[in-house]
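**Q** Dropping the structure in here first, questions after.
The values are calculated or read from the model by the stated rules, or taken from the named source; none is laboratory data. Computed from a predicted model, the values in this text were never measured in an experiment. Methodologically, a virtual Cβ is constructed for each residue, glycine included, from the backbone with ideal geometry; neighbour enumeration extends over all protein chains shown. Remember, those area values only see protein heavy atoms, side chains included, never the ligands or the DNA or RNA. Shrake-Rupley method; radii C 1.70, N 1.55, O 1.52, S 1.80 Å.
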Amino acid sequence: MRTAHRVETVRAAEAALMARLPEGALMQRAAAGLAAACCSLLGKGRVYGARVALLVGSGDNGGDALYAGARLARRGAGVTAVLLGDRAHEGGLAALRAAGGRIVDSAHDDPFEPLAAADLVLDGITGIGGRGGLRPDAVPVARAARGSDAVVVAVDLPSGIDADTGEVAGEALRADVTVTFGTYKPGLLVDPARSYTGALRLVDIGLGGELPGVADLEALQHQDVARLLPVPAAESDKYRRGVLGVVAGSARYPGAAVLAVQGALRGGAGAVRYVGPAADAVIAAHPETLVHPGPPDRAGRVQAWVVGPGLGDEPGVAEVLASDVPVLVDADGLRGLDPALVRARSAPTVLTPHAGEAAALLGATREEVEAGRLAAVRELAARFGATVLLKGSTTLVCGPGTEAGQAVGGAVRVNPTGTGWLATAGSGDVLSGLAGSLLAAGLRPVDAASCAAYLHGLAARRASGGGPVTAGEVAGALGGAWRDVTAGL
């Protein structure tokens, strides 16, 4: 599992570790890992004679860049440091000069000349405490670096992004590779900042023992999902595996019901009970479905409900929320949803909005939600007392105990799978059915939502193969994605 920690947590851990180490040892560890990453990017036998430009700000990231540059210079690289702050790390400057590196002060010299010929650029302009984008005087140099033919390597994080939130409030320098130290920072894993990081590399500098047990953000990997997914035993029947109720579809959107049911069946539900006006379409596509004319409380025994996909103005949301089993609310079910009604429930609730739906629930704009996804998902979870899966370029899952910008009841989870081709009609309906089936199987809401997002994204990759994909094809690939994840068990 990848874990990420906020700036104040990282700084406290670094301070505790530095108190036990010789002065400067932690920076040297970071610089050694950074230099090793740069050597691998330049390629075997290509460090000698390579041209490396360092963009150096006033903070410790500038010091990391200078010490890494000194190591590269000692291996025969031609290294030039472009100073962009009002000061620079003195020890790093001395080390670079001693190794034969060159210093260019952007206030007096031409800062663009080293970039024009560079094979690799190290971005050490700002550190993890930076806010509000790049300073105006650094913008032209950053643009020149990005416009060059060099590989741009960010030191700890791309300059201009917010390490805690993933927000980009101004201009930032887009990296090809980001080498981060000790632990991931939330902003490296959450859009819009994630799109600036390029490939991520983590350098171990010994912080592990100083970091808290609960991270602020975490990303599941194959083995984490495999441990959470339900496995039927020999004595299992459909009720032990979980029966999911689906209230979805309308005369205008019958396909939403079909896709939600398909996601549930492919997600391992022992049985699916469908309630709604699209029964004929559902039975035609999935004859194993148990259909009922309604209302939901008369449909029969279920372990969880999904309500909302393609529902239009059909009834059902209030009746389902009145039940005493877990409920997932999606799409049309989210319109005008009353936080008090959700908070009053005795059983868990999962909300699965996209950015537009989240904006309506928060009284914000879609642009505000997309710019501050982490804040939005936390606010929704706190306001509704529910687990929230916020869909989008970065899908986030937040439990109801995670609020006020920090992990109270657990980390926010960020989904690492998916493809841009997943932005297609009906894919969210498949996800709802899949997550609902995992709820019915007994998974905790945050586990059901995050495992569903993971499998959904993985299935989309399998079905897409790098090209367009339909929601039905994504649903059809869920079994293969499930097998991929559990193959190592």
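**Q** Sorted by average packing, counted as other Cβ atoms within 10 angstrom per residue and highest first, what order do 79-92, 53-66, 232-245, 422-435 take?
**A** On the way: 79-92: 21.4, 53-66: 28.4, 232-245: 16.6, 422-435: 26.4.
Descending packing order for the listed peptides: 53-66, 422-435, 79-92, 232-245.
**Q** Hey, another quick one. Provide the gained length on full extension for the span Ala340 to Asp105, in nm with one decimal, where the gain is 0.36 nm per separating residue minus the Cα-Cα distance. Intermediate values should be presented prior to the final figure.
**A** On the way: separation 235, 0.36 × 235 = 84.60 nm, distance 5.90 nm.
Answer, rounded to one decimal: 78.7 nm.
**Q** Need the C-alpha centroid separation for the range 211-233 versus the range 446-489, integer Å.
**A** If you average the Cα positions of each part, the centres end up 16 Å apart.
**Q** With a cap of 10 neighbouring Cβ atoms within 10 Å, and only residues DSSP puts in a loop, list the trypsin sites (Lys or Arg not before Pro) found in the range 1-83.
**A** Loop-located and lightly packed - Arg20, Lys44.
**Q** Whole-Hz Karplus ³J(HN,Hα) for the range 327-342, in order, using 6.51 cos²θ - 1.76 cosθ + 1.60 and θ = phi - 60°, x for Gly and Pro?
**A** Working through the residues one at a time gives 10, 10, 10, 9, 6, 4, x, 7, 5, x, 4, 8, x, 5, 5, 5 Hz.
**Q** Shifting gears a bit: Express in nm, to one decimal, how much length is gained between Asp176 and Lys44 on full extension, taking 0.36 nm for each residue of separation and deducting their alpha carbon distance. Walk me through the intermediate numbers first.
**A** Numbers: separation 132, 0.36 × 132 = 47.52 nm, distance 1.88 nm.
Gain on stretching Asp176 to Lys44: 45.6 nm.
**Q** Next question. About the Cα centre of the range 1-137, how large is the charge dipole given +1 on each Lys and Arg Cβ and -1 on each Asp and Glu Cβ? Please answer in debye to the nearest 20.
**A** Details: 16 positive and 14 negative charges, 132 e Å.
Computed about the Cα centre, the dipole is about 640 debye.
**Q** Now for a different question. Placing unit charges on C-beta atoms (Lys and Arg positive, Asp and Glu negative, everything else neutral), compute the dipole magnitude of the range 213-319 about its Cα centre in debye, rounded to 20.
**A** Values: 9 positive and 11 negative charges, 62 e Å.
Using only the charged Cβ atoms, the result is roughly 300 debye.
**Q** Which one of Val369, Ala359, Phe384 has its Cα pushed farthest toward the positive end of the charge dipole of the range 350-391, where Lys and Arg give +1 and Asp and Glu give -1 at the Cβ?
**A** Phe384
**Q** Another question, if that's okay. Mind checking the dipole of the chain: about its Cα centre, +1 per Lys or Arg Cβ, -1 per Asp or Glu Cβ, Debye to the nearest 20? Kindly include the intermediate steps, with their values, before the conclusion.
**A** Values: 44 positive and 49 negative charges, 226 e Å.
I would put it at about 1080 debye.
**Q** Determine which lysines satisfy two conditions relative to Lys185: a Cα distance under 24 Å, and not lying fewer than 8 residues away in the same chain.
**A** Excluding near neighbours in sequence, the set is Lys391.
**Q** If I model a spin label at Glu368 and Gln221 as a point 7 Å from the Cα along the Cα→Cβ vector, what separation in nanometres do I get?
**A** 3.8 nm
**Q** In nm, to one decimal, how far is the modelled label at Glu90 from the one at Val139, with both set 7 Å along Cα→Cβ?
**A** 3.4 nm
**Q** With a ≥ b ≥ c the root eigenvalues of the C-alpha gyration tensor of the range 184-308, is it rounded (a/c under 1.5), prolate (a/b larger than b/c) or oblate? Walk me through the intermediate numbers first.
**A** Values: a/c = 3.26, a/b = 2.04, b/c = 1.60.
Prolate, since a/c reaches 1.5 and a/b exceeds b/c.
**Q** Another question, if that's okay. Among DSSP bridges having both ends in the chain, what percentage is antiparallel? Round to the nearest 5.
**A** Values: 9 of 59 bridges.
Counting only bridges with both partners in the chain, antiparallel ones make up about 15 percent.
**Q** In whole percent, what relative contact order does the range 116-181 give with Cα contacts below 8 Å and a gap of six or more residues?
**A** Details: 129 pairs, mean separation 26.5, N = 66.
Relative contact order here is 40 percent.
**Q** Packing-wise, with mean Cβ within 10 Å as the measure, how do 264-275, 476-487, 321-332, 154-165 rank, highest first?
**A** Values: 264-275: 25.9, 476-487: 17.9, 321-332: 22.6, 154-165: 28.3.
Put in order of decreasing packing, that is 154-165, 264-275, 321-332, 476-487.
**Q** Would you please classify the overall shape of the range 329-463 from the alpha carbon gyration tensor, given that a ≥ b ≥ c denote the square roots of the eigenvalues, rounded means a/c under 1.5, and beyond that prolate means a/b larger than b/c while oblate covers the rest?
**A** Details: a/c = 1.43, a/b = 1.21, b/c = 1.18.
Because its axes are fairly even, with a/c under 1.5, the range 329-463 counts as rounded.
**Q** Let me ask you something else. Determine the calculated [θ] at 222 nm for the chain from helices alone, applying -39500 (n - 2.57) to every DSSP H run no shorter than 4 residues and normalising by the residue count; nearest 500 deg cm²/dmol.
**A** Working: 20 runs with 187 residues, N = 489.
So the helix-based figure for the chain works out to -11000 deg cm²/dmol.
**Q** Could you tell me what percent of the accessible area of the chain is made up of carbon and sulfur, with a 1.4 Å probe and every protein chain present? Walk me through the numbers on the way to the answer.
**A** On the way: 9770 of 19340 Å².
Carbon plus sulfur share of accessible area: 50 percent.
**Q** Something else: Could you tell me the relative contact order of the chain? Use alpha-carbon pairs under 8 Å, at least six residues apart, and round to a whole percent.
**A** Values: 1172 pairs, mean separation 60.5, N = 489.
Result for the chain is 12 percent.
**Q** Describe numerically, in nm with one decimal, the distance between label points set 7 Å from Cα along Cα→Cβ at Ala116 and at Arg131.
**A** 3.9 nm
**Q** Find the accessible area per residue for the chain; the probe is 1.4 Å, ligands and nucleic acids are left out, and the unit is Å². Don't skip to the end; give the middle numbers.
**A** On the way: 19340 Å² over 489 residues.
Counting only protein heavy atoms, the per-residue value for the chain is 40 Å².
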